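The values are calculated or read from the model by the stated rules, or taken from the named source; none is laboratory data. Computed from a prediction, not measured in an experiment: that's the story for all the values here. Cβ placement follows ideal geometry from the backbone for every residue including glycine, while neighbour counts extend to all protein chains displayed. These area figures cover heavy atoms from the full protein model, side chains too; ligands, DNA and RNA do not enter into them. Shrake-Rupley method; radii C 1.70, N 1.55, O 1.52, S 1.80 Å.
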Amino acid sequence: MGVYEDLGITPLINAAGFKTRLGGAALPADVIDAMSAAAGATVDIAVLQARASEIIARATGAEAGYVTCGAAAALTLAAAACITRLDVKKIDALPDTHGMPNEIIIYRAHRNSYDHALRAAGGKLIEVGLNDRGVGAGVRSLEAWEVEAAITDRTAAVAYVVTTPEDPPLSIVTEAAHRRAVPVIVDAAAQLPPRENLRRFIAQGADLVAFSGGKGLRGPQASGFLCGRKELVQSVALNHLDFDIDLKLTTPPLDLIPVDRLPGLPHHGIGRGFKVGKEEIIGFLVALKKFVEGADGADETKRFRRLAEGIARDVSRGHTGDLEIAGPPEAPEIHVDFQDAESAASAYRLLAQGNPPVIVSEELLTQGKLVIFVATVREDQAQPLAAAVGRALSARGSRAPGEEGDLRPVRKSTP
Ligand SMILES: *Cc1c(COP(=O)(O)O)cnc(C)c1O
């Protein structure tokens, strides 16, 4: 019996992608080993973060980096850093931003559920631009003049969310913001892989970039990181670390914590609730190293391909024409056609309530399709997954009474 079974909980087969609500993906064995080794000893977290900062800097081309407990926490810390900079009094005051520049400018079409994380630090979102493309009213995106025109002495930062394709190009926003000496925070949470993206947004002038560690990087679920300008990352550390005794008593001088430039250290900041365990920091660093070295980048793509083909082959026995392999090679998807939204919803429920439970993505439900994301499926889960989807296809049309209608079809989200 495993740790979950001991609690009477059956682990599920996650074929829906790196979803937080499903615990992300199972981790590679070397990341798990590193996390348990980390758990068996104790270290000074400030020293560990300072070393991580150098490693992230090297991987991203940024001046500094910082490990967080996810990209959402990274966004809150980034907003806090842009609002407070290295002002200890302001760090102590958050989320009360009275008398501080606290406005964060954001393209209206970039608004999303995760921008709550920016507001959590006391940031006030100022929407600019029009969602013309989203509603088909025109082809113009956010323009540089709109960003510049919104910047005032109340502006703390400009926020930018990476979409595929980038819209508008990030450099338009960074150039406009920098003309007015305002930093740009980039939400690139789900933009790894490809590996080039580690450096791409920094190279385009981003001042702080937030990434998830528990998505395509395949690090611990509760990890993420920031990279960016040194002074802002120092502020992130001041807003985050636990300083309940005089740092000079315990910790050697660190570039990450500029004690000599400060009148003293802040008390627990807005980020104290987002603490990052040594286990997450070490697991994340091992995952980052693997990702950067790409030892298995091409191998992993091949592995996903084999896995996708194997699952598709098994499902399609007796169901020819019902499915196709789609998505980019590094993140293949299998689209299973159930003809209409109701049948797809019914199959979704059947899978989710099966034994073991199988969770697929519902993002094409309105088109009558269920999507299997291969990247989060373990090899040993491929067969039970394929068998369950095969059964759902066979059961199509023979719905249990009262089953239909209570899973609302959702619209396919933009990436
Ligand atoms: C997933 C995601 C986040 C949050 O990332 P976590 O690492 O789960 O905190 C933030 N922004 C976007 C766009 C995301 O896709």
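Quick notes on this structure:
- Residue check for residue 129: crowded, with 18+ Cβ neighbours inside 10 Å, more than 30 Å from residue 218 (Cβ to Cβ) and away from the ligand (no atom under 16 Å from the Cβ): yes
- Elements of type strands (runs of 3 or more DSSP E) in region 260-379, at least 1 residues being of a type outside the set (A, V, I, L, M, F, W, C): 323-326, 333-337, 369-373
- All of 175, 146 fail the test of being surrounded by fewer than 17 Cβ atoms within 10 Å (Cβ to Cβ), part of a helix (DSSP H, G or I), of a type in the set (Asp, Glu) and more than 13 Å from the ligand (Cβ to nearest atom), apart from 175.
- Per the conditions (1) in contact with a Gly (Cβ under 7 Å, 6 or more places away or on another chain); (2) among the charged types (D, E, K, R); (3) crowded, with 22+ Cβ neighbours inside 10 Å, the sole criterion not satisfied by residue 187 is (1).
- Residue selection: residue 96 fails the criterion of being within 16 Å of the ligand (Cβ to nearest atom), of a type in the set (Asp, Glu) and at pLDDT 95 or above.
- Qualifying residue in region 37-46 (condition: away from the ligand (no atom under 16 Å from the Cβ) and either touching an Asp or Glu at 6+ places or on another chain (Cβ under 6 Å) or on the phi > 0 side of the Ramachandran plot (or both)): yes
- So residue 301, is it out of contact with any helix residue (DSSP H, G or I) (no Cβ under 9 Å at 6 or more places or on another chain) and hydroxyl-bearing (Ser, Thr, Tyr): yes
- Scanning region 261-307 for residues that are closer than 25 Å to residue 32 by Cα, of a type in the set (Gly, Ala, Ser) and at pLDDT 95 or above gives 273, 277, 283, 287.
- Residues in region 71-118 that are closer than 27 Å to residue 168 by Cα, out of contact with any helix residue (DSSP H, G or I) (no Cβ under 8 Å at 6 or more places or on another chain) and in a loop (DSSP other than H, G, I, E, B): 111, 112.
- Test result for residue 282, buried (at least 17 other Cβ atoms within 10 Å of the Cβ), closer than 15 Å to residue 91 by Cα, out of contact with any Pro (no Cβ under 6 Å at 6 or more places or on another chain) and in contact (Cβ under 8 Å) with a residue 24 or more places away in the chain: no
- Residues of region 54-78 classified as open to solvent by 10 Å² or more (accessible area, probe 1.4 Å) and away from the ligand (no atom under 15 Å from the Cβ), total: 8
- Test: residue 189 is part of a loop (DSSP other than H, G, I, E, B), within 16 Å of the ligand (Cβ to nearest atom) and more than 30 Å from residue 330 (Cα to Cα): no
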